[in-house]
Amino acid sequence: MNHEFTRAPRTAVALEPHPLCHLALSTLLGRIEIELVGTATSTGEALALLQEHQPDLLVLEVDLPEGREAALRLISNGPREVLDLTTVVLSGNEERCTIDAAFARGAAAYVLKSSDADAITTAIQQAFKPSLFLP
């Protein structure tokens, strides 16, 4: 007996201070069948979108005009707003203390923006199914 399990498509909210990056992120997520349902340039906007859309994924930059601590607070508080929220940091920031802080606050993955598209999509997919990946 063959049972196929289908799940609703995954959805995402992005927090990125540069609106031009929103289109690129939407395209990138579309490659792995995740629909970008909301984009924000501030943590307040992102929080409202999380509450409204209840997405599966939050993708965010930690270097925000309002400060890194605001982004880190959102990583901590996101799961309080959305049950089973997976958070992936996509950032240009390579500082070890920032990476460690993001993981300590609950990020499932931290990916550098300088990574190629395949590495980014693989990291996002694996954030939903933690495993070991060695390219």
Practice item. Return the single residue from Val88, Val111, Val13 with maximal mean-square fluctuation; model: Gaussian network over the chain, springs between Cα atoms under 10 Å. Key: Val111
Practice item. Name the residue, out of Ser42, Ser76, Ser114, whose mean-square fluctuation peaks in a Gaussian network model built on the chain with Cα pairs under 10 Å. Key: Ser114
**Study point:** Karplus (6.51, -1.76, 1.60) ³J(HN,Hα), θ = phi - 60°, over the range 72-79, in Hz, Gly and Pro reported as x
**Key:** 5, 4, 5, 4, 5, 8, x, x
Revision key, fill the gap. Carbon/sulfur accessible area of the chain, % of total, 1.4 Å probe, equals 53
Study note, to complete from the structure: Probe 1.4 Å, all chains present, heavy atoms only: Leu83 accessible area in Å², nearest 10, is 140
Point to revise | Probe 1.4 Å, accessible area per residue of the chain, Å² | key: 57
Check your understanding: How much accessible area does Glu69 have with a 1.4 Å probe, in Å² rounded to the nearest 10?
Key -> 90
Review point. Using modelled backbone amide H atoms (1.01 Å from N, in-plane), which distant-in-sequence or interchain residues come within less than 5 Å of Val111's amide H?
Key: Val89, Leu90, Ser91
Practice item. Work out the charge dipole of the chain with +1 on the Cβ of Lys and Arg and -1 on the Cβ of Asp and Glu about the Cα centre, then indicate which of Ala14, Val59, Ala102 is farthest towards its positive end. Key: Ala102
**Study point:** Heavy-atom accessible area ranking, 1.4 Å probe, most first, across Arg68, Arg96
**Key:** Arg96, Arg68
Point to revise | Formal net charge of residues neighbouring Glu66 (Cβ-Cβ distance under 14 Å; K, R +1; D, E -1) | key: -3
Study note, to complete from the structure: Heads up, the range 48-135 by the C-alpha gyration tensor (a ≥ b ≥ c square roots of eigenvalues; a/c under 1.5 rounded, else a/b over b/c prolate, else oblate) looks oblate
Check your understanding: Per residue of the chain, what 222 nm ellipticity follows from adding -39500 (n - 2.57) for every DSSP H run with n ≥ 4, rounded to the nearest 500?
Key -> -13000 deg cm²/dmol
Practice item. Would you kindly derive the ³J(HN,Hα) couplings of the range 111-121 from the backbone phi angles with the Karplus curve 6.51 cos²θ - 1.76 cosθ + 1.60 (θ = phi - 60°), listing them in order in whole Hz, with x for Gly and Pro? Key: 10, 7, 4, 6, 5, 6, 4, 5, 5, 5, 5
Study note, to complete from the structure: Candidates Asp116, Asp100, Asp84; GNM for the chain (alpha-carbon contacts under 10 Å) flags as most fluctuating Asp116
Exercise for review: Show Glu81, Glu52 ordered by accessible area, largest first, where the area counts protein heavy atoms only and the probe is 1.4 Å.
Suggested key: Glu52, Glu81
Exercise for review: Net charge near His53: determine it from the other residues with C-beta under 13 Å of the C-beta of His53, scoring Lys and Arg +1 and Asp and Glu -1.
Suggested key: -4
Check your understanding: So how much accessible area does Asp63 have, in Å² to the nearest 10, using a 1.4 Å probe?
Key -> 60
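The values are calculated or read from the model by the stated rules, or taken from the named source; none is laboratory data. Treat the numbers as computed from the prediction; the structure is a model and nothing was measured. Cβ atoms come from the backbone with ideal geometry, glycine included; neighbour counts cover every protein chain shown. These accessible areas exclude ligands, DNA and RNA; they are computed on the full protein's heavy atoms, side chains included. Shrake-Rupley method; radii C 1.70, N 1.55, O 1.52, S 1.80 Å.
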